[in-house]
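First up is the structure itself, then whatever we jot down about it.
The values are calculated or read from the model by the stated rules, or taken from the named source; none is laboratory data. Just so it is clear, the structure is predicted and the values come from calculations on it, not from any experiment. With ideal geometry, Cβ positions are generated from the backbone for all residues, glycine too; neighbour counts draw on all protein chains shown. What goes into the accessible areas is simple: the full protein's heavy atoms, side chains included, and nothing from ligands, DNA or RNA. Shrake-Rupley method; radii C 1.70, N 1.55, O 1.52, S 1.80 Å.
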Amino acid sequence: MSVVVLLLGVGAYVLFQKARPYLHGSGCEVNTSSGKMPLDLEQGANAATIAAVAFRKQLPERAVVIAYATAIQESHIRNLAGGDRDSVGMFQQRPSQGWGSPDKLRDPVQATSKFFDALVKVKDYLDRDLHDAAQRVQRSADGRAYAQHEDDGVLLARAFTGREPGTARCWFPPDKRTASRRPEAVREMRRAFGGRLQVTGPSPLAYNAPSRPNAWNAVRVTNARAGWAVAAWAVTHAQVYGLTEIRYAGRHWQSTAGHDGWTEDKPAPTTAVIIQ
């Protein structure tokens, strides 16, 4: 009898291990000292992009908080195809108000860049109440609505600007994994973060270059905050570009165990984010 029970237990464990990667579905989570926030994969990728563009423009964290609060109110950080009247994109910017063409405003990098370009023109925006600064950019019907998202903006900024390391994780089941497109991922990352990012490694970067799954790239970083911002971008874009492992500062994230988040990897360097 004990042998049968043992065999049943082993069988159940094997089945659980096979089913485990599918149990959590797909998603992301930010877990910082300010609290937790669930995100879907699109929201996670867009949130990381907002921080990346701020990095390129060398903007302070407060600017990122304002951008997050605005994007939460306008679109729940989703890249919407349409909206009120001719509004489109994450920030629901309107071509008729001079923001640009619909195609550009549906591009998260360009839409974020336009938002920040307008924000920095607001006099003393860093010292204003968040809803005041956001409203002077957005010119919405009720600018006071942005204020309710300030705490969530702070939470997201702590994770995606690298203030609190390893606090953003994403996961997706095996049947949602995609073929490796690392060259495209690195090019898109540099478009968001800017040309200051230096990328090395054996994986080719040329347009339409083949992506070898076992190869890798190293994104050099000059400080820990930049490193964790890059690492968070890579994790949130892993499903789209078929990335399987991100290594940085003694930790790593793996697509096969994405829900576990960042786990120990002592050899992972502090001078570069390894992307595989």
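So, for the chain, what is the accessible surface per residue at a probe of 1.4 Å, expressed in square angstrom? Intermediate results must be reported in sequence, preceding the final value.
Details: 13140 Å² over 276 residues.
Counting only protein heavy atoms, the per-residue value for the chain is 48 Å².
Would you mind giving the average projected area, over all directions, of the Cα convex hull of the stretch 84-134 in nm² with one decimal? Kindly include the intermediate steps, with their values, before the conclusion.
Values: hull surface 14.7 nm².
That works out to 3.7 nm².
Mean-square fluctuation check for the chain, GNM, Cα pairs under 10 Å: which of T244, T32, T263 is largest?
So, out of T244, T32, T263, the one fluctuating most is T263.
Per the Cauchy relation, a quarter of the hull surface: what is the mean projected area of the convex hull of the alpha carbons in the chain, in nm²? Walk me through the numbers before you get to the answer.
Numbers: hull surface 69.3 nm².
Seen from a random direction, the Cα hull of the chain projects 17.3 nm² on average.
Using a Förster distance of 22 Å, how high is the FRET efficiency between R85 and D151, based on the Cβ-Cβ distance and rounded to 0.05? Walk me through the intermediate numbers first.
Numbers: r = 30 Å, r/R0 = 1.34.
Rounded to the nearest 0.05, the efficiency is 0.15.
What is the mean projected area of the alpha carbon convex hull for the stretch 30-161, to one decimal in square nanometres? Before the final figure, lay out each step's value.
Working: hull surface 28.7 nm².
For the stretch 30-161, the mean projected area of the Cα convex hull comes to 7.2 nm².
Would you work out what percent of the accessible area of the chain, with all protein chains in place, is carbon or sulfur (probe 1.4 Å)? Mind showing how you got there, number by number?
On the way: 6860 of 13140 Å².
Carbon and sulfur: 52 percent of the exposed surface of the chain.
Which whole-number percent gives the relative contact order of the stretch 30-161, counting Cα pairs below 8 Å spaced six or more residues apart?
Details: 189 pairs, mean separation 42.4, N = 132.
So the answer I get is 32 percent.
Accessible area, 1.4 Å probe, largest first: how do S75, S96 sort?
Values: S75 5, S96 80 Å².
If we order S75, S96 from most to least accessible, we get S96, S75.
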